[in-house]
Amino acid sequence: MQAVEPGGVSPYRFLLVAARLGSVRRRSQDVDMIKAQRVEAADSALIDPAGSEWRSAPSTRLSLEPTPLISQPSAYVQAKWETIDYGAIGNVSVQALHNDGGIFFRLQWNDATENDDIRDTDQFTDAAAVLFPVKEDAPLTSMGSPDEPVNAWYWRPDMETPFSVTSEGTSTTIRTIDPNLRGNGAHTGGAWAVVIGRALQSAGDGYVQLTAGEEGKVAFAVWQGGNDERAGLKAVTLEWQPLELEA
Ligand code: HEM
């Protein structure tokens, strides 16, 4: 590796970041409308990834990209992951249904390894999340900003219920418990199928509020625990996807 230039960015590292950014830029046009169809079904039916309602729900396949290394808040993480590939999951299929009271997202992705619990400090689980801007134009790639927070519903197989994560920029994430948030996942045939659902309205600081008949934005993230992915190291949709809740 060549000597580090004044200002600390080695030409090798510059090339790596540029290459990653290049591929990100090439795919950043992938924006699909996610339509949450309105159904007459109970929460208990919709929270089941194998539930019959999901068989006829429209599905959208979204490509995922690694989060840019440059956006990781710590220099340690940037240096450590400079030559390690992360964001291993390339795409996720998304379905969305609502029953006027709650909205449910079913995410499905291929992952040959089922990492569903942590037995040591250097182990990480598979995980998935759905992200919303709390205010219309909140930035996605910095996970919000002080004036424009974002809210994520963060599912892990080793947690009874998902966390509702609020964020006003990377390294400001706060995990909270939202009693209206539920998750349910199963790993079969080399793939995860996970439903994350919440009441359309839920009281809490920094929580997104959704309304039937209205439009919003949504993004998705998947962590490959078998690849030591956690926190900012994951595969994401780099663009907000328009979200429509059928009236
Ligand atoms: C380019 C886009 C993104 C970047 C650079 C990014 C970066 C980060 C970073 C650095 C952290 C750690 C923050 C901390 O320590 O406070 C983090 C945490 C988190 N991010 Fe992102 N993120 C991005 C997109 C997303 C998306 C699209 C989602 C959800 C769909 C998401 C969900 C989360 C969650 C749930 C956490 C907290 C994890 C935990 O508590 O362990 N992020 N992100």
Among what's in segment 65-80 and is part of a helix (DSSP H, G or I) and polar (S, T, N, Q), pick the residue that is nearest to the ligand (Cβ to nearest atom).
SER71
Would you mind telling me which numbered condition in (1) under 22 Å from the mean Cα position of the chain (by Cα); (2) of a type in the set (Lys, Arg); (3) at pLDDT 85 or above ARG55 fails?
(1)
Could you look through segment 125-135, keep only residues that are over 14 Å from PRO162 (Cβ atoms) and at pLDDT 95 or above, and pick out the one that is farthest from the ligand (Cβ to nearest atom)?
VAL134
Quick check on my filter: what residues within segment 146-156 are out of contact with any strand residue (DSSP E or B) (no Cβ under 6 Å at 6 or more places or on another chain) and near the ligand (Cβ under 8 Å from one of its atoms)?
none
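Rundown of residues vs (1) buried (at least 20 other Cβ atoms within 10 Å of the Cβ); (2) away from the ligand (no atom under 11 Å from the Cβ); (3) not polar (S, T, N, Q), yes/no style:
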residue	(1), (2), (3)
ASN115	yes, yes, no
ARG119	no, yes, yes
PRO139	no, no, yes
GLY144	yes, no, yes
Which listed residue is farther than 30 Å from ASP85 by Cβ, open to solvent by less than 20 Å² (accessible area, probe 1.4 Å) and either within 15 Å of the ligand (Cβ to nearest atom) or at pLDDT below 95 (or both), from VAL222, VAL236, VAL218, VAL208:
VAL208
Does GLU160 satisfy the criteria of being over 22 Å from GLU239 (Cα atoms), at pLDDT below 95 and of a type outside the set (Phe, Trp, Tyr)?
yes
Of everything in segment 92-113, what is closer than 19 Å to PRO66 by Cβ and open to solvent by 70 Å² or more (accessible area, probe 1.4 Å)? Give them in sequence order.
ASN110, ALA112
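A quick yes/no check of all residues on (1) more than 15 Å from the ligand (Cβ to nearest atom); (2) crowded, with 16+ Cβ neighbours inside 10 Å; (3) of a type outside the set (D, E, K, R):
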| position | (1), (2), (3) |
| --- | --- |
| VAL165 | no, yes, yes |
| GLU168 | no, yes, no |
| THR176 | no, no, yes |
| LEU181 | no, yes, yes |
| THR188 | yes, no, yes |
| VAL194 | no, yes, yes |
| LEU200 | yes, yes, yes |
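The values are calculated or read from the model by the stated rules, or taken from the named source; none is laboratory data. What you see is a predicted model, and the numbers here were worked out from it, not measured in a lab. Methodologically, a virtual Cβ is constructed for each residue, glycine included, from the backbone with ideal geometry; neighbour enumeration extends over all protein chains shown. SASA here: full protein model, heavy atoms, side chains in, ligands and nucleic acids out. Shrake-Rupley method; radii C 1.70, N 1.55, O 1.52, S 1.80 Å.
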